[in-house]
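The numbers here are math on the coordinates, done by the rules we state, and not lab data. Just so we're clear, the structure is a prediction, and the values are computed from it rather than from any experiment. Note that each Cβ is placed from the backbone with ideal geometry, even for glycine, and that neighbours are counted across all protein chains shown.
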Amino acid sequence: MWLYLNRATNFFTADLKVLHIAPEICFLDKFKAMTNLDYTTADLESPLADVKMDVHDIPFEENRYDVVFCNHVMEHVEDDIKSMSEIYRVMKPGGWAIIQSPQDIVAMQELVWRVRPDVIVETGIAHGGSLILSASLLALLDLCDATESGQMLDPSKPARRVVGVDIDIRAHNRTAVEAHPMSNRITMIEGSSIDAGIVDRVREEVGSAKRVLVCLDSHHSHDHVLAELDAYGPMVSPGSYCIVFDTVVEDLPQELAFGRPWGPGNSPKSAVHAWLPSHPDFEIDRQVDAKLLISVAPDGFLRRTA
């Protein structure tokens, strides 16, 4: 979003009234500090927001705002048409909005359906949401297989599994994942994703699975991602994908790294571009980028062709 605002709008120069719904922490202080903006934040629950509100019933008059931001909200609302109508109502004539939904999750669902993996390997667990998502998608594949074959499905004996790796699996996150109904499909391994012993454990968990999909989303520095590609790329089955997330780091200003040890020239994308020339059995699936238009993983959907 930062790149679009900088390259295609007058957001940083014009005097604008801005409503930011569910404001992201990474933007909050920067936008508040911009003297050209009359900037208001709003959220249903967040204590960081200026105004507590429900997007179904925005408490402002018509034609008030030049710009509205509303990212990763619409997939949670009860009535998206009502919510969109409210955003439109409070915008001035000629105003504009950025309203995002989690496009990369949509791409992930499509690829899981296309590949039908037996195992999904994920580096970087954080709160465990992506593990649950992957396990849920695999459960649906098991259900489809049982429906097509006419066989009984025993949920206690899943055919497909997720293996997640993180250098620090916090106790409350582990507890939440293990309490989820999908937990019997999930194996969590604590340790560095590029440690040889951890890679061996993941390889053992994958075993003889015929179709394997890999997602890399841990430490985003060039060297770390390059090592992950070397370690986990060979686990990807032909026709499947290695998805390298947050390649967009390469395209963002260094200041948006917020002190973290990565940025332009030292990113997942720089690692992808360094790795691909010596691995001709992988290629960037640019059809995914073209379909998503906006993604945190541009050039990161790597398909194994052989």
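What to note about this one:
- Extended-chain gain in nm, criterion 0.36 nm per residue less alpha-carbon gap, K157 and W113: 13.8 nm
- Measuring nothing but how far apart in sequence close Cα pairs (under 8 Å, 6+ apart) lie, relative to its length, the chain scores a relative contact order of 13 percent.
- Charges were assigned to the Cβ only: +1 to each Lys and Arg, -1 to each Asp and Glu. The resulting dipole of region 226-273 about its Cα centre is roughly 40 debye.
- Given R0 = 41 Å, the distance between the Cβ atoms of S136 and D251 translates into a calculated FRET efficiency of 0.85.
- Whole-angstrom gap from region 1-45 to region 277-296, using each part's C-alpha centre: 30
- FRET efficiency for the D200 to L276 pair, using the beta carbon distance and R₀ = 35 Å, is estimated at 0.90.
- For the chain, the residue among H20, L140, M91 whose Cα projects farthest onto the positive side of the dipole built from Cβ charges is L140.
- Using C-alpha pairs under 8 Å with a sequence gap of at least 6, the mean separation divided by the residue count of region 19-65 gives a relative contact order of 33 percent.
- In this calculation the C-beta distance from N184 to S85 is compared with R0 = 35 Å, giving a FRET efficiency of 0.25.
- Taking the Cα centre of region 1-158 as reference, the dipole from Cβ charges on Lys and Arg (+1) and Asp and Glu (-1) amounts to some 520 debye.
- Computed over region 152-306: relative contact order in percent, which uses C-alpha pairs under 8 Å that are six or more apart: 20
- Loop sites in region 185-270: trypsin sites (Lys or Arg not before Pro), DSSP, at most 16 other Cβ within 10 Å: K210, R211
- Between A306 and L28, the simple spin-label model (points 7 angstrom out along Cα→Cβ) gives 5.1 nm.
- Our coupling estimate for region 218-223, obtained by passing each phi through the Karplus curve with A = 6.51, B = -1.76, C = 1.60 and θ = phi - 60°, is 10, 6, 9, 6, 4, 5 Hz, Gly and Pro reported as x.
- Dipole in debye (nearest 20) - the chain, about Cα centre, beta carbon charges: Lys, Arg +1; Asp, Glu -1: 460
- Whole-number D in µm²/s for the chain (Stokes-Einstein; Kirkwood sum over Cα pairs; 25 °C, 0.890 mPa s): 115
- With contributions of -39500 (n - 2.57) from each DSSP H run of at least four residues, the per-residue ellipticity at 222 nm computed over the chain stands at -10000 deg cm²/dmol.
- Alpha-carbon gyration tensor eigenvalues x 5, square-rooted, for region 148-255, Å: 27, 18, 15
- Surface/4 estimate of mean projected area, convex hull on alpha-carbon atoms of region 193-306, nm²: 7.2
- Since only A297, A257, I120 are under comparison, the one whose Cα sits farthest along the positive direction of the charge dipole of the chain, derived from C-beta charges on Lys, Arg, Asp and Glu, is I120.
- Within the chain, the longest run free of exposed loop sites, counting GluC sites (Glu not before Pro) that sit outside DSSP helix and strand states (H, G, I, E, B) and have at most 16 other Cβ atoms within 10 Å, spans 79-306.
- Taking every DSSP beta bridge that has both ends in the chain, the antiparallel portion is near 20%.
- Cβ crowding within 10 Å, taken as a proxy for footprinting-reagent exposure, orders C144, C215 from fewest neighbours to most as C144, C215.
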